[in-house]
1. What percent do you get for the relative contact order of the chain when only Cα pairs under 8 Å and 6+ apart count?
2. Counting Lys and Arg as +1 and Asp and Glu as -1, each charge on the Cβ, what is the dipole of segment 38-197 about the Cα centre in debye, to the nearest 20?
3. Go ahead and estimate [θ] at 222 nm for the chain from helices alone: -39,500 (n - 2.57) per DSSP H run with n ≥ 4, summed, over the residue count, rounded to 500.
4. Label segment 312-415 by shape, choosing from rounded, prolate and oblate, from the square roots a ≥ b ≥ c of the eigenvalues of the Cα gyration tensor; if a/c is under 1.5 it is rounded, and otherwise prolate applies when a/b is larger than b/c, oblate when it is not.
5. How far apart, in nm, are two points set 7 Å out from the Cα along the Cα-to-Cβ line at Arg224 and at Gln37?
6. With 10 angstrom as the radius, rank Trp267, Trp261, Trp89 by how many other C-beta atoms surround their C-beta, starting from the fewest.
7. In nm, give the distance between the simple-model label positions of Arg402 and Thr47, each being 7 Å from the Cα along the Cα-to-Cβ direction.
8. List the residues, sorted by chain then number, that are 5 or more residues from Val50 or on another chain and whose placed amide H is less than 5 Å from its amide H.
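Just so you know, all these numbers are worked out from the coordinates, no wet-lab data involved. Since this is a predicted model, take the numbers as computed values, not measurements. Positions of Cβ are backbone-derived with ideal geometry, glycine not excepted, and every protein chain shown enters the neighbour counts.
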Amino acid sequence: MASTLLVRNTALLVTMDDQRREIPGGGFFARDGFIEQVGPSEELPSTADVVYDLPHTLVMPGLVNTHHHFYQTLTRALPAAQNANLFTWLKTLYPIWARITPEDIAISTQTALAELALSGCTTAADHLYLFPNGCRLDDEIEAARQVGLRLHASRGSMSLGESQGGLPPDRVVDDEDTILADSQRLIETYHDAQPGSMLQIVLAPCSPFSVTGDLMRQSALLARQYGVHLHTHLAETQDEEAFCLQSFGYRPVAYMQSVDWVGHDVWFAHSVYISQEEIGVYARTGCGVAHCPTSNMRLASGIAPLMQYLQAGIHVGLGVDGSASNDGSHMLAEARQALLLSRVSAGLQGASLSQDGSPALLTARQALELATRGGAAVLGRTDIGALQPGFCADFIGFDLDRLDYAGAVTDPLAAILFCAPQKVDLSVVQGKPVVEDGHLVTVDLPGLVHRHNQAARRLLSA
C-alpha cells in the first residue's frame, strides 16, 4: 500500500533545485519516499498519510557529509593529540586505535550518526580503514541501519607499515590479497546502486603514505569492474607532499594519475596543497573534493583553495572528518566553518573584487549548496541534495521562532549559517522521521552516550 507524505505551509521552503527556488509558504508531496510535486502549498494535494504543517519552520534538503571516520568518536580531545600536526597526531593515535573491537565500531558508528542526524545530515560517507581484533565494515553497516541515515560505507585499508617505509605501525596494516577479497565481498553483499539507495560501498585505500601503489591500482580496477566509487585522503599536508616526492618521485596528484586514480568516480578528502595546474587536472577528469575546514584548522594543515575549485567547476562537498580531528560531527557547523574560513582566505590573499567593488566572497547560499547539491555530486548521487520531483524525500527543518534567530527576519536561510549553528527540529530520510521536535527518534540517545563513554574509557585505559 502506497505511503504518502505532505509538507505544507512552511515559513520558507528552500528547494536547492535546478532553479534554486525559495518558496515562502511552500511545500511538497511525496509518495513511497520520492518527491512528486513541489510548490506553493495551495497547489499541492490537501491530504496524505503523513502531514507536516510547518508555518514557523525553514525546510531544506538534508545535508550530505562526504568524509568522516566514525570510530574516532572514541578518542575525542585526547590530551596527547590536541596540539599536533597530522603525522604526529596519527602516530599518537594508531596504538590506541589498534585496540578497537567490533563492539567499539558499532557504538561509535551510532554515536557519530546520531550527532550527524541532529545537525541536519541525512547522508553520510564514512572511511573505515583499520580492522583490528576481528573488526569488519559489516559492524558499521549493521549498526548504521538503526539510526536511519543513508550510508556510503568506505572499505578503507592500510597495507604499507613502518617496516616498508609507511607511516602506520605494522600491527594495524593488512595483507593486500585479503583487502581486495574483502572489498569484493562487501560490494557483492551490500552495494545498492538503485535510486533511493540507503547503502553504497566505496573502495578507499587510506592514503599515499599507508598503502602501496599496487593496492591503489588493483582497488581502482575492482571498483570500476563493479561500478563503485573510489575515495582517499590526498594533499592534506606538506608532510604528505614531501613523502610522495621522496617515495614516488611525484607530487600527490601526479601520483594519483600514475595509479589510475582520476575520474568522475573518484573523490579526494582535503586537497589543501594543490597547484593551479592540478586544479586543472581535477576539472578535466571530474575528480571531486571533500572539503574539511574544521579538521584542516584543528591540525594546522592549511586552507584548501575552495574558491578556485568552484570557479573551475569542480564538484566540492563538505566533510566533518574524523571526530578526533574535528572533534565533532555537526554538519551545519561545518558549512558555517567553510563559509568563514573561505573569507579568511580571501582576506589573506587579497580577494578579487566584484562589480560593485566589494570582495568576491563565498556566500551563505553557496556554502549550503556545498553541503547539499555539492555533496551529492561528489558521491555520484543524482537523487539527493535537492527538493524536486524524482528526488528522495530527505529534508530537514529549523524552527525560526527561537532565541538564536531573534532579529534575523529578512533572510532566514542565511541566518542559519551566520547565526550560531543549531540542531535541527525535524529530519526525515526517504520519508521516514529520524528527528522530531528536536529529538532523535530511532535510537535511545542517553543509553547510547552511556555505552559509548564506557567503551571510550575501556579503550583509553587498556
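1. Averaging sequence separation for qualifying contacts and normalising by length gives 20 percent for the chain.
2. Working: 9 positive and 21 negative charges, 113 e Å.
Value, rounded to 20: 540 debye.
3. Result for the chain, helices only: -10500 deg cm²/dmol.
4. Details: a/c = 1.38, a/b = 1.19, b/c = 1.16.
Rounded.
5. Rounded to a tenth, the inter-label distance reads 4.6 nm.
6. Going from sparsest to densest Cβ surroundings: Trp89, Trp261, Trp267.
7. Going by the 7 Å Cα→Cβ label model, 3.4 nm.
8. It is Thr4, Leu5, Leu6, by chain and number.
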